[in-house]
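Contents: one structure, followed by commentary.
The values are calculated or read from the model by the stated rules, or taken from the named source; none is laboratory data. Since the structure is predicted, the reported quantities are computational estimates derived from the model, not experimental observations. As a convention, Cβ positions derive from the backbone with ideal geometry for all residues, glycine included, and neighbour counts pool all protein chains shown.
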Amino acid sequence: MRTLIAFAIVILAGFIGSAKLFKGLKRATPFLYIFYSGTFYILFGLLIGENGLNLISFDILKDLIPIINFSLGWVGFIFGFQIEKRYLKKIKFSWYFTTFSTYLFSMIVIFTVSFISFFYIFENLNFNLKEILGISLVLSILLSETSISFTVWSSKYFKKHVKELRFLTFATSTDNFFPILLTGFIFSTYKYSPDSKSIIYNDLFLIIKLLILQIIIGIISGFIINLLVKKIENKLEVSTILFAFVFLLSGISMMLNLSPLFVLMLTGITFTNLTKKQTYFLKILSSTEKPIYIIFLTFLAIKRSSFSLTLLIISILLLISKFHSKIISLKFLKIFFKKDNFISPFLSYLLIPTGTIAPAIMLDIILGFPIDKSSIISGLLIYTILLSEIISPMAIKLARKRAEND
């Protein structure tokens, strides 16, 4: 009973947040942006969770793991559904290359700074090499991703940069693809051993086998869903089939220790490129997106996270690394694609905040690999999200000033 009450509170909070917090907020101030993005619900999760009043413990949420996995799968499916071939064909190669290389460069820089911080600067944390490599890899995947809600929030301040904002919107949207893809790789490379409570490395053959298995499940499922809903017009019937299938695939992913985010993203990609009713289905899917993201933000903060001055310093270092890696990569790429001249490097300030897919991936990893060290990663992620969203509206002023003088 306590579990159901706890989940009901979080569900209610999610729907209230999606209805109220994402609408009607126009001014770009640090306080209001936290409400607009839904990050306020991290604070709500900290208050009611194990770091606060302990009204809802993570042990209670463990009873709801199937529903949480369904939510992860649903978000993966929604994201995959938006990767439509007809739309992607209209995008220039330079945009794809820039998005990929900017994310990759940021990931390399964040991984390096994280590794140096844990291995050399803060040796007193007493992590072994494998743990440091794992923490640095996860942080580099999560923090390199950016927030489309912030790009939309700030767009009204850059009316002279319409083309550049289109690129930034594309970049922040596709940024979700890379961390989800890498999460699928993580679930193929490692597995959790409940007996020893440790992470085991898979051999190369098993890694390839699990990657192929995830791809096959995702693609075949997309074909099956398309066949099931092809001739159905009733929204209730369509929603029932979609929910049931996502539940099924999320359950299969959980049993096989696969990533529901990755598997269902592939399902969504396959389905959207088979169906001829993308707009119809998107209306059904998109209304559930923001409530689920808010639930993820709350869930992330319910489990005990590690907070300390040392981790705060590391999160600041990682945030600075993200700032400069985005700027440097776009400066270089502006020279490389000089003829296109499609973005001012200083608009990369708008790529500072971390998007809401990061908490979803963090939850995916926490559930798949429930080790004590995950509290370190979640603490750093929460620090970085809060810091970036508090200072990001100030980045709008800097970006406007520098972009116009560029």
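Figures for the structure shown
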| item | result |
| --- | --- |
| Criterion (part of a helix (DSSP H, G or I), of a type in the set (Phe, Trp, Tyr), at pLDDT below 85 and more than 25 Å from Ile56 (Cβ to Cβ)) met by exactly one of Phe299, Phe342, Phe323, Phe332 | Phe332 |
| Sole residue being surrounded by 16 or more Cβ atoms within 10 Å (Cβ to Cβ), hydroxyl-bearing (Ser, Thr, Tyr) and either assigned to a helix (DSSP H, G or I) or free of Cβ contacts under 8 Å to residues at least 24 places away in the same chain (or both), chosen from Ser392, Ser305 | Ser392 |
| Any pair with Cβ under 8 angstrom, 6 or more apart, that starts in the stretch 149-164 at a residue that is more than 14 Å from Lys397 (Cα to Cα) and ends at one that is polar (S, T, N, Q) and part of a helix (DSSP H, G or I) | Ser149/Ser37; Val152/Thr169 |
| Residue match in the stretch 317-334 (condition: aliphatic (A, V, I, L, M), surrounded by fewer than 21 Cβ atoms within 10 Å (Cβ to Cβ), without any contact (Cβ under 8 Å) to a residue 12 or more places away in the chain and within 19 Å of Ser94 (Cβ to Cβ)) | no |
| Residue check for Ile116: without any contact (Cβ under 8 Å) to a residue 12 or more places away in the chain, under 20 Å from Ile328 (Cβ atoms), surrounded by fewer than 22 Cβ atoms within 10 Å (Cβ to Cβ) and of a type outside the set (Asp, Glu) | yes |
| Number of the condition not met by Val138 [criteria: (1) assigned to a loop (DSSP other than H, G, I, E, B); (2) touching a helix residue (DSSP H, G or I) at 6+ places or on another chain (Cβ under 6 Å)] | (1) |
| Evaluation of Leu46 against (1) in contact with a Pro (Cβ under 7 Å, 6 or more places away or on another chain); (2) modelled with pLDDT of 75 or more (one fails), failing number | (1) |
| Selection count where residues are in contact (Cβ under 8 Å) with a residue 40 or more places away in the chain and not in a loop (DSSP other than H, G, I, E, B), scope the stretch 45-73 | 15 |
| Unique match (being touching a helix residue (DSSP H, G or I) at 6+ places or on another chain (Cβ under 9 Å) and in a helix (DSSP H, G or I)) among Glu131, Glu145 | Glu131 |
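Yes/no matrix, rows are residues, columns are (1) in a loop (DSSP other than H, G, I, E, B); (2) on the phi > 0 side of the Ramachandran plot; (3) not aliphatic (A, V, I, L, M):
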site	(1), (2), (3)
Tyr192	no, no, yes
Asp195	yes, no, yes
Ile224	no, no, no
Leu228	no, no, no
